[in-house]
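One structure is given below, encoded as structure tokens.
Derivation of every value follows stated rules applied to the coordinates shown; laboratory data play no part. Remember, it's a predicted structure, so these values are computed and weren't measured experimentally. Note: ideal-geometry Cβ built from the backbone for every residue, glycine included; neighbour counts use all protein chains shown.
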């Protein structure tokens with residue numbers, strides 16, 4: 001695990017940690033449960049519930065944690081009612097039982113849960129979601145797969161989740177992320193040094209410290225050269241934003257390979273960025289543009305292919321030929337990704353590293369399946385694509401996932417301001433700049449993702465509202481996002 005990743009465990013990993021603590025370190029299992037239930041109770045008490053606390057408990061350790069919490073809360077002076085969901089005496093009218101609750105605790109399923117909840121648990125989950133009281137989940141919201149974030153049926157919609165020992169993958173990856181609410185991690189007495197490794201990690205800003213800084217001997221060439229190919233009539237802004245982001249993110253030199261009949265637009269807009277007009281198409285890049293495009297990439301330390309490229313058949317052919325021939329590390333984005341729909345194996349034939357930056361719809365087209373299926377299985381889909389393409393995949397979203405097929409990193413820094421057109425082009429430029437500055441592809445992608453999220457938050461704070469942020473505002477905030485310090489709040 002890279003030191004700039006904060007560990008995330010899957011169900012198997014956390015089971016192994018528990019077993020190691022109990023069987024090899026001599027920590028009594030009842031001590032772990034007592035600490036977990038106490039931590040859960042303290043979190044519930046912190047909500048200052050204005051009515052009785054109702055706790056719904058399952059059969060396993062999660063239910064045991066809930067019962068401990070009930071006892072501790074009673075000792076604190078709270079009115080508490082606990083219900084064992086699978087017991088024969090469970091009330092028929094859960095809505096009536098939950099009515100007037102000051103807080104409701106979900107302790108039905110734990111991290112070992114898989115699949116879809118069956119009755120009576122499914123009805124209990126639905127009743128929790130209808131109750132209107134603050135909902136606290138014990139370790140993970142019931143119905144969420146802790147190893148993937150997937151939800152096969154109904155799942156509790158928690159306002160607060162109290163996780164034990166460490167965060168789980170399902171806390172951070174959607175759709176599980178949307179059911180977690182605020183996440184609090186409670187230490188329960190597991191010693192340090194467990195041999196079981198995490199399954200993934202949350203990206204920390206410390207990754208940005210890997211990027212070399214400019215010194216007195218630096219030149220525009222040694223600072224990293226980026227080449228960007230794309231643009232078409234009506235879509236010139238994508239290349240301009242991508243190249244602008246690249247130089248803001250530290251690239252010393254940027255050149256755009258664009259349709260010759262649109263070159264003046266780029267020349268007038270960005271004096272810091274060089275342009276190379278590529279003849280061959282009517283307002284778009286085409287197969288005849290290949291040779292001048294490749295000349296633009298000859299000295300590049302990294303490149304981007306696809307922003308604003310368009311979907312003309314000639315542009316698709318050009319993208320395939322260019323990706324195969326470009327010898328530099330390459331970020332493929334937007335319409336560049338569309339050129340490889342259903343043909344990820346073509347990307348695997350490249351001789352240099354590749355980073356793909358799709359959203360769910362684009363990844364669906366790459367894999368030949370609906371976007372909704374990708375959204376339901378985000379981690380699995382990203383890993384599958386990375387392995388098929390021999391590339392690093394950056395599956396964009398509020399829970400952006402970065403994977404090379406084995407290593408997995410997740411962004412946990414929410415940035416709603418990025419939900420606007422053009423911010424994907426900005427991300428591609430940032431990642432390309434970090435590749436050009438010498439970071440290996442997985443680290444460059446992770447650093448780009450966290451810098452992008454922090455820039456989005458900074459832009460929202462500076463502009464005053466996330467809804468008013470546009471992509472060029474995010475470019476202006478890249479310097480704040482790139483500082484390897486505490487997250488920009």
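In angstrom, the C-alpha Rg and Dmax of the range 1-119 are 16.3, 51.
When only alpha carbons are used to place a centre, the range 39-110 and the range 410-431 end up 39 Å from one another. Here 425, 18, 139 are placed in order of increasing Cβ neighbour count within 10 Å, fewest first, which gives 18, 139, 425.
R0 = 35 Å: FRET efficiency of residue 291 with residue 387, Cβ-based, nearest 0.05?
Details: r = 33 Å, r/R0 = 0.94.
So, using R0 = 35 Å, E works out to roughly 0.60.
Go ahead and collect, in residue order, the members of the range 230-259 whose backbone nitrogen is under 16 Å from a label point 7 Å along the Cα-Cβ direction of residue 325. In the range 230-259, the label zone of residue 325 (backbone N under 16 Å from the point 7 Å along Cα→Cβ) covers 230, 257-259. In the chain, the longest principal axis of the Cα atoms and the axis of helix 378-389 are about 40 degrees apart.
Computed over the range 410-489, the percent of Cα pairs more than 23 Å apart is 12.
Calculation over all alpha carbon pairs of the range 154-267 in 5 angstrom steps from 0 returns a P(r) of 2, 8, 12, 11, 9, 9, 9, 11, 12, 9, 4, 2, 1, 0 percent. The Rg/Rh ratio of the range 30-98, with both radii computed over alpha carbons and Rh defined as the Kirkwood radius, is 0.97.
A Förster distance of 45 Å, applied to the separation of the beta-carbon atoms of residue 12 and residue 352, puts the FRET efficiency at 0.80. Tilt of helix 29-46 relative to the longest C-alpha principal axis of the chain, in degrees (0 to 90, nearest 10)? The angle comes out at about 80 degrees.
Relative to the 2.2 N^0.38 Å rule of thumb, the range 205-481 has a C-alpha radius of gyration ratio of 0.91. Neighbour counts of C-beta atoms inside 10 Å place 356, 67, 160 in the sequence 67, 160, 356, starting with the fewest. Working from Cα positions, state the angle (0 to 90°, nearest 10) between the long axis of helix 313-325 and the longest principal axis of the chain. In the chain, helix 313-325 runs at an angle near 90 degrees to the longest axis.
Two numbers describe the Cα atoms of the range 333-489: Rg and Dmax, which are 15.0, 46 Å. Calculated FRET efficiency, residue 461 and residue 209, Cβ-Cβ r, R0 22 Å, to nearest 0.05? Efficiency for this residue pair is about 0.45. Based on C-alpha pairs under 8 angstrom that are at least 6 apart in sequence, the chain has a relative contact order of 13 percent. Kirkwood radius and radius of gyration were both taken over the C-alpha atoms of the chain, and their ratio Rg/Rh is 1.05.
Pairwise inverse Cα distances across the range 5-202, averaged and inverted, put the Kirkwood hydrodynamic radius at 16.5 Å.
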